[in-house]
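Visitor: Below is one structure. I have some questions about it.
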Amino acid sequence: MPEHDLPVPSDPDDAGGSGDDASVGLPPEMADLLRRMTGGADLPPEVLQQLGDMGLGAIPVDQFESMLGQFQAMMNAPDEGPVSESVVTDVARKLVSAAGDSSMGERERRLAAEAGHVADLWLGAVTGLEAPGLAGVAWSRSEWIEGTVDVWRELVAPVGEGVTGALGGAIAAQFANADLDALPPGLVPPGTNPAVVMGQLEPMLRRAGSSMFSMQVGQGLAALAGETLTGTEVSLPLTPDGLLVLVPSNIAAFAEGLEIDLDEVWLYLAVREAARLRLFDGAPWLGPQLLTAVQDYARGIELDTEGIESAMTGIDPTDPEAMQRQLTDKLFAPRPSAAQQAALGRLETWLALIEGWVDVVTDRAATAHLPHAAALAETVRRRRATGGPAEKTFAGLVGLELRPRRLRDAANLFAALEASGGAELRDASWAHPDLAPTAADLDDVLAYVERRTDAPAADEMDAALAELLGGGSGADDGDVPADPA
């Protein structure tokens, strides 16, 4: 046989990796990616065999490269705490972009500026609370996310702490139960103490937990951004000082089928938003009280640790989307704790008081100027009473409910104050937190009005207020009283 026809043995050190790599079922391109991860060093054949047996070779190379990129980015990313603002923003922006997000043009900017100016003038005639320098602006859905993400991150950080710890604990429990000596030789040194390994992996696990929870927050914010009409429609001080934010894309969807001129819809919603901003500015203690109530509620959330551990069992690390879906419904216990119930009660009272005051003041400011103010008010009441899909999505993903359940009682209370002592008495309740109504005051509006007027109510005033209140508090949360005039 001629010399050149003799078979040439394969070189185990061949840089192309076509020998051992092929024997374990890994494509050469995948082996090259693994070498780049190790700085150019070949993985032991036993490790390659184990990876091949796990089915790694069946994954498309481009998908595997994307997975490695995400893993390396997570490993090298700075620790941003329990909630990663960059992850939240990136996920939320990609989702709203995929759903459709229009950029703002000159027409939208002009309409927002004019609506903000007019709303400010109308409110000046019905309330002494002011918000100096208020400017109307039009934001896209992405801009709403970017403009409010700082506050959201602060609000949900206590939830993120619990989720991150629970996820890390679930992974640690599985790792502690694993037989390290049974792993392929060379992958883990013989006799390795699992506690030592966990100590080395802990930073990575915290970043992984933070990343997963941040993805959920991003999904929740994307859902809210797709429906919110104004900057602070959820009754939280989310936007920068001095900005009256309107979201034209969502306002247009809200106005569909109403048979009301779109400019009138803009003006009505601008009045509502301006009223909230005047309240936040005129009662500077209110914003911190709200944030504290939300954070106390978030800290009380009970995590379903057993559900998380169950979801982690047999999970496919090569499918992060499936992992996310599997964990979404496993994070929050169906029954709130006692501490969470108490915090939720405080939060709902504050939200109801804010929206009740906004309802009354908006009615006074808009009715004299907008022919369809009553119809728009009814539409807003129905929207709020049913709760949109975005609100439910946010509550399911983040565990935070944002519904003012006693709004009717709060609106009646402020209308009763106004009937007794005018707009000054109505607005004076926000002068100090000790003067603000409580949940008990919502149960007995007449007693609160008597206390605020510093004199026993006459029989005539009692009868008038009783008629104003409609004889009870059992009606729908969205109801507001008729104008006492």
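The values are calculated or read from the model by the stated rules, or taken from the named source; none is laboratory data. Please read these numbers as outputs of a predicted model, since none were measured by experiment. As a convention, Cβ positions derive from the backbone with ideal geometry for all residues, glycine included, and neighbour counts pool all protein chains shown. Just the protein is used for accessible areas: all its heavy atoms, side chains included, with ligands, DNA and RNA removed. Shrake-Rupley method; radii C 1.70, N 1.55, O 1.52, S 1.80 Å.
Visitor: So which residues in segment 286-295 are in contact (Cβ under 8 Å) with a residue 60 or more places away in the chain and more than 17 Å from the chain's Cα centre (by Cα), if there are any at all?
Guide: LEU286, GLN289
Visitor: Name the one entry in PRO288, PRO284 that is surrounded by fewer than 17 Cβ atoms within 10 Å (Cβ to Cβ), at pLDDT 70 or above and outside any helix (DSSP H, G or I).
Guide: PRO284
Visitor: So for segment 246-257 (the condition being within 23 Å of the chain's Cα centre (by Cα) and at positive phi), does at least one residue qualify?
Guide: no
Results for (1) aliphatic (A, V, I, L, M); (2) touching a residue at least 12 places away in the same chain (Cβ under 8 Å), shown as yes or no for each residue.
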site	(1), (2)
LEU244	yes, yes
SER249	no, yes
GLU256	no, no
GLU264	no, yes
ALA270	yes, yes
ALA275	yes, yes
PRO284	no, no
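Conditions (1) crowded, with 23+ Cβ neighbours inside 10 Å; (2) among the hydrophobic types (A, V, I, L, M, F, W, C); (3) modelled with pLDDT of 95 or more, marked per residue:
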{"residue": "LEU221", "(1), (2), (3)": "yes, yes, no"}
{"residue": "GLU227", "(1), (2), (3)": "no, no, no"}
{"residue": "GLU233", "(1), (2), (3)": "yes, no, no"}
{"residue": "LEU236", "(1), (2), (3)": "yes, yes, no"}
{"residue": "GLY242", "(1), (2), (3)": "no, no, no"}
{"residue": "VAL247", "(1), (2), (3)": "yes, yes, yes"}
{"residue": "ALA253", "(1), (2), (3)": "no, yes, no"}
{"residue": "GLU259", "(1), (2), (3)": "no, no, no"}
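Visitor: Quick one: how many residues across segment 138-150 are assigned to a helix (DSSP H, G or I), open to solvent by 30 Å² or more (accessible area, probe 1.4 Å) and touching a residue at least 40 places away in the same chain (Cβ under 8 Å)?
Guide: We begin by selecting, within segment 138-150, every residue assigned to a helix (DSSP H, G or I); these are 141-150.
If we keep only those that are open to solvent by 30 Å² or more (accessible area, probe 1.4 Å) as well, we get 141, 143, 146, 150.
After this cut, where a residue has to be touching a residue at least 40 places away in the same chain (Cβ under 8 Å) as well, the list is 141, 146, 150.
Selection size over segment 138-150: 3.
Visitor: Identify, by number, the condition in (1) open to solvent by 50 Å² or more (accessible area, probe 1.4 Å); (2) in a helix (DSSP H, G or I) that ASP120 doesn't meet.
Guide: Here ASP120 clears every test but (1).
Visitor: In segment 75-92, what residues are at pLDDT below 65 and open to solvent by 50 Å² or more (accessible area, probe 1.4 Å)? Step through it out loud before you land on a result.
Guide: From segment 75-92, those at pLDDT below 65 are 75-78; that's our starting set.
MET75, ASN76, PRO78 - these are the residues of segment 75-92 that are at pLDDT below 65 and open to solvent by 50 Å² or more (accessible area, probe 1.4 Å).
Visitor: Being among the hydrophobic types (A, V, I, L, M, F, W, C), surrounded by fewer than 20 Cβ atoms within 10 Å (Cβ to Cβ) and out of contact with any helix residue (DSSP H, G or I) (no Cβ under 9 Å at 6 or more places or on another chain) is the requirement here; does ALA375 meet it?
Guide: It is true that ALA375 is among the hydrophobic types (A, V, I, L, M, F, W, C), surrounded by fewer than 20 Cβ atoms within 10 Å (Cβ to Cβ) and out of contact with any helix residue (DSSP H, G or I) (no Cβ under 9 Å at 6 or more places or on another chain).
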